[in-house]
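Everything below concerns the one structure shown next.
The values are calculated or read from the model by the stated rules, or taken from the named source; none is laboratory data. Model, not experiment: these values are computed from the prediction. Quick reminder, even Gly has a Cβ in these numbers, built from the backbone with ideal geometry, and neighbours come from all protein chains shown. All accessible areas refer to the heavy atoms of the entire protein, side chains included, with ligands and DNA or RNA removed. Shrake-Rupley method; radii C 1.70, N 1.55, O 1.52, S 1.80 Å.
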Amino acid sequence: MTRQFAVVGNPIEHSRSPELHHAFAKATGIDLNYSRRLAPLDGFAANIQEFFNQGGSGLNVTVPFKEQAYQLCDVLTPRAQVARAVNTLWQQNGQLHGDNTDGQGLVDALNALGWKLEQANILILGAGGATRGVMLPLAQAGASQIVVANRTLSRAQQLIDDVQPFITGTKLSAISLDQLSGQFDLIINATSASLSGELLLLPPELQFQQAYEMAYGKPSSFLEQAAQRGVPTSDGFSMLVGQAIEAFSIWNGIKPPLNDFLSLQH
Ligand code: NDP
């Protein structure tokens with residue numbers, strides 16, 4: 001029988017998830033249908049209940065419902081607990097299970113680029129939901145230090161305080177975005193500045209070897225500045241593919257190789 005999956009959000013027409021999951025299904029020979037669900041802003045819980053009542057196997061959750069999904073779950077993975085947000089849902093023994101695959105998606109994307117995370121010294125710009133979601137997987141991948149720099153310093157400090165109890169062996173700290181300096185192996189832009197077209201200035205006293213922009217499909221001044229320094233760069237499409245593959249593997253027990261799907265970017 002064809003297994004049913006979907007992504008739920010508001011808005012939802014832009015989502016690339018159906019295309020990605022159908023490509024994974026084709027590559028692995030799994031019989032599934034993956035659709036888009038537009039949930040009313042005040043009707044998320046009823047929408048997902050209806051999906052599972054009708055025999056649906058798994059749901060991805062996108063803006064603005066990831067925190068609500070986290071609240072509704074009976075069982076959460078550790079990385080979803082740290083993220084305080086859920087992007088992957090399924091039911092087991094009548095209980096709603098939730099995971100957050102964004103962070104592992106980023107780790108798999110960085111691995112696919114051949115960028116080393118073991119003992120890496122990482123700077124993350126931004127302290128929103130995306131940063132929260134990647135902290136535990138980056139630490140588990142062996143990062144020796146993660147510095148979170150944010151425009152609102154108190155938000156970065158709060159994030160470090162919240163995730164610290166879950167993380168051992170990785171030094172964590174918070175700085176203000178206007179104090180950027182020092183040497184890092186990898187810098188990750190997890191601000192939404194590129195989405196709004198706002199400029200993020202990387203000062204000369206900040207040195208880094210590789211630059212990853214979480215946003216994709218838009219020009220990024222962050223990536224332009226990094227490219228001018230001659231370091232390897234990547235936008236966030238590979239993370240999008242990575243998080244989708246991780247959700248696919250939770251539901252279907254097969255993890256197709258990320259590199260096979262990067263050509264879907266357009
Ligand atoms: P949030 O709204 O939760 O957080 C936004 C962050 O950006 C905050 O830290 C905010 O700082 C900072 N920020 C916003 N505007 C500026 C600016 N002009 N200058 C400096 N800092 C700024 O967003 P998310 O964490 O959910 O998403 C962040 C980015 O990651 C987005 O580009 C999103 O598209 C991308 N993303 C990509 C994914 C992928 O699969 N590739 C997955 C998830 C996210 P402050 O706290 O001071 O307001």
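Numbers at a glance
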item: Unmet requirement for Leu32, which otherwise passes all of (1) over 26 Å from Asp260 (Cα atoms); (2) touching a residue at least 40 places away in the same chain (Cβ under 8 Å); (3) touching a strand residue (DSSP E or B) at 6+ places or on another chain (Cβ under 7 Å); result: (1)
item: Hey, Ala143 touching a Gly at 6+ places or on another chain (Cβ under 8 Å) and small (Gly, Ala, Ser) or not; result: no
item: Filter result (under 11 Å from the mean Cα position of the chain (by Cα) and not hydroxyl-bearing (Ser, Thr, Tyr)) within segment 109-133; result: Ala109, Gly129, Ala130, Arg132, Gly133
item: Selection count where residues are of a type in the set (Asp, Glu) and modelled with pLDDT of 95 or more, scope segment 165-219; result: 3
item: Selection count where residues are part of a loop (DSSP other than H, G, I, E, B) and either within 20 Å of Thr77 (Cβ to Cβ) or at pLDDT below 95 (or both), scope segment 243-265; result: 4
item: Test for Leu240: is it within 25 Å of Phe5 (Cβ to Cβ), of a type in the set (A, V, I, L, M), modelled with pLDDT of 95 or more and open to solvent by 20 Å² or more (accessible area, probe 1.4 Å); result: yes
item: Number of the condition not met by Tyr212 [criteria: (1) more than 10 Å from the ligand (Cβ to nearest atom); (2) closer than 15 Å to Ile122 by Cα; (3) crowded, with 16+ Cβ neighbours inside 10 Å]; result: (1)
